[in-house]
Amino acid sequence: MRTFLILLTRELRSFFYSPVAYVVIALVMIINGFSFRAAVAILERGPQQGSLVSWTFHSQWFWLSYFFIFPLLTMRLFAEERKLGTFETLFTAPVRTWQVVWSKYLASVVLYCLIWVPSLANFFIFESMTAGATEIPHGSLYGIYLLIFVMGLFNLAAGCFASALTSNQIVAAVLSFTISLMHYLLGVFVLYLGRRIPEQFVELVHYIATVEHIRVFTYGLLDSRPIAYYLSLAFVFIIGTHQVLEFRRWRV
């Protein structure tokens with residue numbers, strides 16, 4: 001456990017000693033600010049069916065920031081080690097592969113959680129400024145952030161896997177972005193082209209469609225199936241990352 005904590009601390013320091021963490025946090029704060037402002041503007045027009053929470057996370061601004069987080073956070077995790085030649089040094093040290101994988105993965109998870117704290121604070125600041133005049137459904141708010149968290153676990157794990165496959169950070173970023181985007185688009189295409197696809201397949205895709213999960217959770221409905229789905233995918237990609245590194249370790 002001591003070795004694992006040392007590796008985790010090392011990874012967290014590497015994040016915050018580089019400008020990457022601050023740039024990502026700043027960009028997400030700005031884009032989420034636009035998303036929040038767009039949701040407020042919609043509600044200012046008059047009574048709406050959706051809440052401030054649902055309009056914020058159905059905004060195109062939200063997706064604009066979402067897909068770029070994971071490549072930026074994960075592209076350097078393993079690719080940089082190989083590029084700088086520290087991969088051999090790391091894996092010839094008395095550490096286990098799972099310790100390296102989980103330390104890097106959890107470091108990216110910690111930073112991912114910090115990224116979303118300012119956007120969560122927007123809702124409480126706005127509620128305080130309006131003296132409760134604008135109703136914010138806290139069940140929907142906490143539910144959607146729980147979903148964002150488990151979605152992030154999956155996408156970060158996919159990014160770790162992509163970074164383990166190559167020594168080029170740009171290639172790792174492209175692979176990570178592609179995996180996240182294709183998973184999202186699979187649900188979008190099937191939901192919009194549902195009439196041309198067998199009904200059984202459409203029902204299956206409803207269980208894996210990110211846009212459908214967002215819709216359900218923003219309306220305050222907590223469904224355990226998407227949570228189990230994303231956690232399972234994250235575990236699969238972490239296992240895949242472990243296997244790739246084990247293979248490369250024996251070649252060192």
Task: When residues of region 159-177 are limited to those that are surrounded by fewer than 18 Cβ atoms within 10 Å (Cβ to Cβ) and not β-branched (Val, Ile, Thr), the one nearest to ALA79 (Cα to Cα) - done: SER167
TODO: Determine which single condition PHE217 fails, assuming it passes every other condition in (1) open to solvent by 50 Å² or more (accessible area, probe 1.4 Å); (2) under 29 Å from SER59 (Cβ atoms); (3) modelled with pLDDT of 80 or more; (4) not basic (Lys, Arg).
DONE: (1)
Open item on the list: Considering only residues that are of a type outside the set (Ser, Thr, Tyr), modelled with pLDDT under 80 and open to solvent by 30 Å² or more (accessible area, probe 1.4 Å), which ones fall in region 65-86?
Closed with: GLU80, ARG82, LYS83, LEU84, GLY85
Task: Verdict on TYR230 being under 20 Å from the mean Cα position of the chain (by Cα), modelled with pLDDT under 80 and of a type in the set (Ser, Thr, Tyr) - done: no
Task: Unique residue being open to solvent by less than 30 Å² (accessible area, probe 1.4 Å) and at pLDDT 90 or above when the list is VAL190, VAL100, VAL95, VAL109 - done: VAL109
Open item on the list: Among the residues that make up region 123-138, is at least one of them open to solvent by less than 20 Å² (accessible area, probe 1.4 Å), farther than 19 Å from PHE68 by Cβ, touching a Leu at 6+ places or on another chain (Cβ under 8 Å) and not in a helix (DSSP H, G or I)?
Closed with: yes
Open item on the list: So the check is Cβ under 6 Å with 6+ separation or different chains; which pairs have a first residue in region 49-66 that's closer than 17 Å to ILE136 by Cα and hydrophobic (A, V, I, L, M, F, W, C) and a second one that's part of a helix (DSSP H, G or I) and open to solvent by 20 Å² or more (accessible area, probe 1.4 Å)?
Closed with: TRP55/ILE42
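The values are calculated or read from the model by the stated rules, or taken from the named source; none is laboratory data. From a predicted model like this one, the values you see are computed outputs, not experimental measurements. Please note: Cβ atoms are built from the backbone with ideal geometry, for glycine as well, and neighbour counts cover all protein chains shown. Calculation scope for accessible area: heavy atoms of the full protein, side chains included, ligands and nucleic acids excluded. Shrake-Rupley method; radii C 1.70, N 1.55, O 1.52, S 1.80 Å.
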